[in-house]
Amino acid sequence: MIMLDALGPAFALMLVLEGLAPLLSPRSWRGAMRRATDLADGQIRFFGLVSIVLGTLLFWLLA
């Protein structure tokens, strides 16, 4: 149950970090999003897989 208590603050921190790029550099952020739409489905899935694996490893190391 202790881990669930940290889920809210972790989600809030994720939103803060995700909001930094469009706040500080909207033109670069827009360009990155435009390029992301050009990626193939397999490339997007690969980035998703890598993100999940790295997030899981980081969570495991810090927990």
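The values are calculated or read from the model by the stated rules, or taken from the named source; none is laboratory data. From a predicted model like this one, the values you see are computed outputs, not experimental measurements. Every residue, glycine among them, receives a Cβ derived from its backbone with ideal geometry; neighbour counts consider all protein chains shown.
Quick notes on this structure:
- Any pair with Cβ under 7 angstrom, 6 or more apart, that starts in segment 18-46 at a residue that is on the phi < 0 side of the Ramachandran plot and ends at one that is small (Gly, Ala, Ser) and surrounded by 10 or more Cβ atoms within 10 Å (Cβ to Cβ): Trp29/Ala21
- Extreme residue, modelled with the lowest pLDDT, among residues of segment 26-63 that are surrounded by 10 or more Cβ atoms within 10 Å (Cβ to Cβ) and of a type in the set (S, T, N, Q): Thr56
- Meets criteria (assigned to a helix (DSSP H, G or I), of a type in the set (A, V, I, L, M) and surrounded by 10 or more Cβ atoms within 10 Å (Cβ to Cβ)) for Met3: no
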